[in-house]
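Each remark here refers to the structure printed beneath this line.
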Amino acid sequence: MTLTTGLIPAPATWRDIDSAGGFVIDEATVIDAGPGTEVTARWLRGVLGAATGLALPPGAGDDGETVRLRVQPEDAGHLGPEGYKLYVNGDDITIHGGGPAGVFWGAQTLRQLLGPDAFRRAPVAPGRQWLVPGTFVEDTPRFRWRGLMLDVARHFMPKEGVLRYLDLMAAHKLNVFHFHLTDDQGWRVEIKRYPKLTETGSWRARTKFGHRASPLWEEKPHGGYYTQDDIREIVAYAAERHITVVPEIDVPGHSQAAIAAYPELGNTDVIDTTSLSVWDSWGISLNVLAPSDNTLRFYEGVFEELLELFPSEFIHIGGDECAKEQWRESPFVQARIAELGLADEDELQSWFIGHFDTWLSARGRRLIGWDEILEGGLADGAAVSSWRGYQGGIAAARAGHDVVMCPEQQVYLDYRQDAGADEPVPIAYVRTLEDVYRFEPVPPELTPEEAAHVLGAQANVWTEVMEDQGRVDYQTFPRLAAFAEVAWSPLTAPAARDFADFERRMAVHYRRLDALGVGYRPPAGPLPWQRRPGVLGRPIDGPPPNR
């Protein structure tokens, strides 16, 4: 592969075909879409048509005129449904996929081969020649779960921003969008049977600016939510890009926004829940759900509506950082523990999670939660998002549970990228572009049978200190490009990964990000307007505490 190509993530197999001379996309070029590739053809026509100004109509053209898209089931055996072959010569461009998703990922590679200007929304040089170099690529992803978690509860991201991030994910061949919709600081999805969740729970009166130790406040309301039609649009938009949207509704902790809307959900025999508002600071709220039958029925109602909106196999229920203080003080909760024959509050949380595991399984879905759901015993059908390092994932895999690896020490993209004083709102310790590039999702301690339970990996973007799209871009990029290569490209020992080659390819990729309008962190450090002087973060030298 030439340095000017700069494919990211790196494909499994590629070679330049210099003798082919390449293929010129021009006014005569047509897109010949076979069965199952129609959506990809429409996407390709849209993005390349916008960037080039060419019509790229459907049809079966002569030699030198045709981009051919085909699903080849016979290739699925060795490529899998997301694998593809891309062949470019002077006669045509062909993309064969093991399934429709494979054709789409091949089309993403074709877009990269056309150069950074192919990522613009209008031609910058009308009449230019669009040459695709003679190339053969055969490629397939390492993992089936290549995820990005976006927290819209702490700082709301309007729908257009979410759609933009789905496009950015697709450009990096990521295929799972973990949509963190609720927390102490806001409820972001319309539930028709419980309107106060958004009437009351979707906004807060003010917001802490910086880490919770910061003395600064933004003294204005912050809020927003997605209507059910917004969610349907987001899910459909993602599906066209072969991205699955996995919603997260956090229980039994991280629930103060819900309790503020419906006080009966809280531990009313311990505190006056009617006095609670949506939380305006960061950290772990002590206000958690009461483990009552009323609470179970309430959230069953929430999930009933969610299942109609999200067709994903997995539904994320959080389960992390559930403070137990109110449960220990509550006579009702202590009686509940005794009634259920449980040993303690950890087993009560396990019972709570297990209820929804059973409930979701009965409806053909699977529960996934943060690794705290291991405490007190893990529900039989549950999968684990391992965030507190590798140990939770190792324990879950050894017990036969599926795992998504997202350890905070490697892939929490809210953590600072450099130790420099100019780093905006520095959180935890430094995780550079190279650190993320050397992340290995499969712990070496696992046997091959246990490792088969590692569905893949996920990068997490928590937005406490990210007040707008520019801040999200800065923290997420360019590190998401490194993560995408880890999740997609063939297995290589982390220490053996060629970071120098990755940096050379990133030199091209930064120009793609520029064309897409991404406010990434430049290699030389933050630009003046990306800094946040005087806004306290959480800079520490050792392993970070819980988020």
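Derivation of every value follows stated rules applied to the coordinates shown; laboratory data play no part. None of the values given here were measured: they were computed from a predicted structure. All Cβ positions, even for glycine, are placed from backbone atoms using ideal geometry, and neighbour counts span all protein chains on display.
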Can you give me the relative contact order of the stretch 13-139 as a percent, contacts being Cα pairs under 8 Å and 6 or more apart? 36
Using the Karplus curve 6.51 cos²θ - 1.76 cosθ + 1.60 with θ = phi - 60°, what ³J(HN,Hα) values do you get for each residue of the stretch 527-535, in whole Hz, with x for Gly and Pro? 6, x, 7, 8, 7, 9, x, x, 9
Report the local net charge at residue 243: Lys and Arg +1, Asp and Glu -1, summed over other residues whose C-beta lies under 14 Å from its C-beta. 0
Could you work out Rg/(2.2 N^0.38 Å) for the stretch 13-139, with Rg from alpha carbons only? 0.98
For residue 14, project a label point 7 Å along Cα to C-beta. Then give me every residue of the stretch 463-488 with its amide nitrogen under 17 Å of that point. 481-488
Quote the FRET efficiency, to the nearest 0.05, computed for residue 529 versus residue 217 with a Förster distance R0 of 35 Å and r equal to the Cβ-Cβ distance. 0.95
Once Rh is set to the Kirkwood radius over Cα pairs, what Stokes-Einstein translational diffusion coefficient, in µm²/s, holds for the stretch 262-365 at a temperature of 4 °C and a viscosity of 1.567 mPa s? 86
I'd like the Karplus ³J(HN,Hα) series for the stretch 385-390: coefficients 6.51, -1.76, 1.60, θ = phi - 60°, whole numbers in Hz, and an x wherever there's a Gly or Pro. 8, 8, 10, 8, x, 8
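Taking the Cβ-Cβ separation of residue 167 and residue 514 as r and a Förster radius of 22 Å, what is the calculated FRET efficiency to the nearest 0.05?
Values: r = 15 Å, r/R0 = 0.69.
E(calc), rounded to 0.05, equals 0.90.
Can you give the net charge of the other residues whose Cβ lies under 13 Å from the Cβ of residue 345, counting K and R as +1 and D and E as -1?
-4
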Subtracting the Cα-Cα distance from 0.36 nm times the residue separation, let me have the gained length for residue 432 to residue 451 in nm, one decimal. 4.2 nm
Residue separation between residue 362 and residue 499 times 0.36 nm, minus their alpha-carbon distance, gives in nm 44.7 nm
Enter the mean projected area of the convex hull around the alpha-carbon atoms of the stretch 198-276, in nm², rounded to one decimal. 7.5
Kirkwood hydrodynamic radius over Cα pairs of the stretch 385-535, then Stokes diffusion coefficient at 20 °C and 1.002 mPa s, in µm²/s: 131
Write down, largest first, the equivalent ellipsoid semi-axes of the chain in whole Å, where each equals the square root of 5 times an eigenvalue of the alpha-carbon gyration tensor. 42, 25, 22
Structure shown: which of 159/208; 85/173; 159/192; 192/324; 196/220; 159/196 lie over 25 Å apart, alpha-carbon to alpha-carbon? 192/324
Which order do the peptides 47-60, 107-120 come out in when sorted by mean C-beta neighbours inside 10 angstrom, highest first? 107-120, 47-60
Highest mean packing first, using Cβ neighbours within 10 angstrom, the peptides 313-324, 270-281 sort as 313-324, 270-281
